[in-house]
Ligand code: ADP
Ligand code: MG
């Protein structure tokens, strides 16, 4: 059941229409909730509608606690324990993923869909070298032998701007900086040539001096790999620099969506206006 205010949808302009094509991901009326010990349900995502097109960079913006990460986790099938999709649909490349079993997700996550977290170290295993963490998925999902996977991993490390790829390949996570770790995760994310990269505030945990470098890298790779990116951020400046379209999230819902230029020129929702005002 659909409730509340309709999403404010901006028309297309020539710029965004040229850049973007068919629908890649269609999230409709998504509700995510956590069951409480007393039997009640706390909803943290409350009816999200979100459409990502092939090849576009789509910003998901909203203040802390608005439900951006929970929406991302639900799309990826990575909700923390206790969380579940209560209602709605997540259709990726024509396949319904909402409440899909692990097998259905295994066919898309890590191959067609990739993820970069806010805290890079949280997605690296301290017990294994960077090299083994990059080559294992290549061997598993792409069937590469050790030599081919090593060669590809070293090339990816060079591609993401790591100055001494062999040294980083041989290093353990604690031996590299947060910025290098995020580059490593970006290398891993693009290694399967995904159609969608979900980047959840990928620079928030990094030093200010390298935030722009990592964002530029993300944009370069988006073009090289011709993938769509869902870029989660609370910064409208990042949206202005990098995104084709943007969806504004507030209290578990998308309240406004459209081409970035349209939203900047003529925000329809007072909350969007307040986010833009805060930027100046
Ligand atoms: P954002 O990424 O926009 O900052 P989140 O998606 O992380 O927001 O959080 C949305 C809401 O979900 C918040 O109110 C948060 O407290 C709540 N939340 C996050 N994780 C859990 C959890 N494991 N159990 C219950 N509520 C949670
Ligand atoms: Mg978050």
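Sort the range 40-113 into rounded, prolate or oblate with this rule: let a ≥ b ≥ c be the square roots of the eigenvalues of the Cα gyration tensor; rounded if a/c is under 1.5, and if a/c is not under 1.5, prolate when a/b is larger than b/c, oblate otherwise.
Working: a/c = 1.80, a/b = 1.14, b/c = 1.58.
Oblate, because a/c is 1.5 or more while a/b does not exceed b/c.
Please tell me the relative contact order of the range 62-190 in percent, rounded to the nearest whole number, where contacts are Cα pairs under 8 Å and at least six residues apart. Could the numbers behind the result be given before it?
Numbers: 115 pairs, mean separation 29.1, N = 129.
Relative contact order here is 23 percent.
Give me the Å³ per residue figure for the convex hull around the C-alpha atoms of the range 70-119.
Values: hull volume 4.2 nm³, N = 50.
Spread over its residues, the Cα hull of the range 70-119 gives 85 Å³ apiece.
Of 214, 32, 42, which is the most mobile in a GNM of the chain whose springs link Cα atoms less than 10 angstrom apart?
Highest fluctuation among the options: 42.
Multiply the residue gap between residue 84 and residue 241 by 0.36 nm, knock off their C-alpha separation, and tell me the result in nm, one decimal place. Intermediate values should be presented prior to the final figure.
Values: separation 157, 0.36 × 157 = 56.52 nm, distance 3.38 nm.
So the chain would gain 53.1 nm between residue 84 and residue 241.
I need to check one value: relative contact order of the chain, counting alpha carbon pairs closer than 8 Å and at least 6 residues apart, in percent.
Details: 526 pairs, mean separation 77.9, N = 280.
Taking the mean separation of contacting Cα pairs over the length of the chain, I get 28 percent.
Among 125, 38, 244, which one moves the most in a GNM of the chain with springs linking Cα atoms closer than 10 Å?
Judging by the Gaussian network model, the answer is 38.
Counting other beta carbons within 10 Å of each Cβ, put 227, 127 in order, fewest first. Before the final figure, lay out the partial values.
Details: 227 23, 127 9.
Least to most surrounded, the residues fall as 127, 227.
Considering the chain as a Gaussian network with a 10 Å cut-off on Cα pairs, which listed residue, 177, 81, 66, attains the greatest mean-square fluctuation?
Highest fluctuation among the options: 81.
Taking the alpha-carbon centroid of each part, what is the distance from the range 116-149 to the range 207-236 in angstrom?
So the separation of the two Cα centres works out to 21 Å.
Can you give the % of DSSP beta bridges in the chain that are antiparallel, to the nearest 5? Display every interim value, and only then the final one.
Details: 26 of 47 bridges.
Around 55 percent antiparallel, to the nearest 5.
Would you kindly work out the equivalent ellipsoid of the chain from its C-alpha gyration tensor and give its semi-axes, the square roots of five times the eigenvalues, largest first in whole Å? Walk me through the intermediate numbers first.
Values: eigenvalues 193, 98, 64 Å².
Ellipsoid half-lengths, sorted descending, are 31, 22, 18 Å.
Calculate I(q)/I(0) for the range 17-155 by the Debye formula, one identical point scatterer on each C-alpha and no solvent, and give its log10 at q = 0.16, 0.18, 0.19 Å⁻¹ to two decimals.
-1.00, -1.15, -1.22
If I take R0 = 41 Å and measure r between the Cβ atoms of residue 125 and residue 38 in this structure, what FRET efficiency does the formula 1/(1 + (r/R0)^6) give, to the nearest 0.05? Each step should come with its number before you reach the end.
Numbers: r = 36 Å, r/R0 = 0.89.
Rounded to the nearest 0.05, the efficiency is 0.65.
State whether the range 165-240 is rounded, prolate or oblate according to the following rule on the C-alpha gyration tensor (a ≥ b ≥ c being the square roots of its eigenvalues): a/c under 1.5 gives rounded; otherwise a/b larger than b/c gives prolate, and the remaining case gives oblate.
Oblate, since a/c reaches 1.5 and b/c is not below a/b.
Kindly state, to the nearest 0.05, the FRET efficiency for residue 261 paired with residue 141, given R0 = 35 Å and r defined as their beta-carbon distance. Walk me through the intermediate numbers first.
Details: r = 38 Å, r/R0 = 1.08.
E between residue 261 and residue 141, to the nearest 0.05, is 0.40.
Bear in mind that the values in this text are calculations on the coordinates, not laboratory data. Since the structure is predicted, the reported quantities are computational estimates derived from the model, not experimental observations. Note: ideal-geometry Cβ built from the backbone for every residue, glycine included; neighbour counts use all protein chains shown.
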